[in-house]
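The values are calculated or read from the model by the stated rules, or taken from the named source; none is laboratory data. The model shown is predicted, which means the values in this text are computed figures rather than measured ones. Quick reminder, even Gly has a Cβ in these numbers, built from the backbone with ideal geometry, and neighbours come from all protein chains shown. When the accessible area is computed, the model is the full protein with side chains, heavy atoms only, and any ligands, DNA or RNA have been set aside. Shrake-Rupley method; radii C 1.70, N 1.55, O 1.52, S 1.80 Å.
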Amino acid sequence: SSRYSRRDFTQHQLLTLLLFKEYLGAHYRDFVQLVEIMGIIQEQLQLNEIPHYSTLCKFSKRVPSTVLNRLFRKACSFMLEWKNITSVVAIDSSGFTPDSSSTYYSVRTGKTRHDYLKTTISVDSDHISLLAFHITKSRCHDSQIAPIVLRTSHRVKKSRFYVMDKGYDSERIHKLIHVDLKSQSMIPIRDWHASYVSGKYRQIMATSFDTKTYGQRNMAETVFSILKRLFGETIFSRSYRQQVKEIKLKCIIFSIDRFLKNQRVFNVF
């Protein structure tokens, strides 16, 4: 990307290698050694030489986060070739833990361990595919993050129902889903030990709650389980900016992996 670059590698080659490294869950040095013995990878990527591990590391720091966002949307568009409307979208959040000092080390040294990064995702329950995500290191309440994820998810694929747990129960979220997204919410009403339910849309929810539809919420937990089992729940970057990129890479390779596994089902070649 620099005018002074020797042009040894293209941006596409480096980005593909970065995604492949995340897919394998390897460190930079170990990954470069693996590529050296993978002749088919060198052939497919048309690599005349193997990049040094520092080349990939510097590229990871240099690549804009917006490029990863566009790549994620492109990966989502593969699934959209099947249909652009789904029946149920599940939204939930979980945490990815930075690779910092152990609890034992923290107690002995008195140093505080790094906190987790909260990641909220929306999932197409029909195909168990990602539609949107939001990452933050602050402990924001779910109801503050939900509107961002809902609008982003709706732009990717419309849904008839949005299912979430009790933490997302608020009149603002119910109204957003009904009025702005022209859809229906399926969120359990929180019991405040009151004799009535406040809010117009919360009252509608209290009388029309469907347990069967709400059961699709576990699809979001399934996606988190797959993400963490296949690609790891630990992030190794030190800066917050790089940690966010690392989680985005996990979401991208998850979407590509899901598409390839369902390629014949969606009849896309």
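Listing for the model above:
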read-out: Measure of compaction for the chain (Cα Rg per 2.2 N^0.38 Å); value: 1.15
read-out: Solvent exposure ordering (accessible area, 1.4 Å, most first) of Y23, Y53, Y168; value: Y23, Y53, Y168
read-out: Relative contact order of segment 162-269, defined on C-alpha pairs under 8 angstrom at six or more residues apart (%); value: 21
read-out: Stokes-Einstein diffusion coefficient of segment 156-269, Kirkwood radius over Cα pairs, 4 °C, 1.567 mPa s, in µm²/s; value: 76
read-out: Relative contact order (percent, whole number), the chain, Cα cutoff 8 Å, 6+ residue spacing; value: 22
read-out: Dipole magnitude (debye, nearest 20) for the chain, charges at Cβ of Lys, Arg, Asp, Glu; value: 760
read-out: Selected from Q263, T120, T152, residue furthest toward positive end of dipole (the chain; charges at beta carbon); value: T152
read-out: Selection from F133, A220, S170 lying farthest towards where the dipole of segment 128-232 points positive, charges on Cβ; value: F133
read-out: Solvent-accessible surface (1.4 angstrom probe) belonging to D30, in square angstrom, nearest 10; value: 80
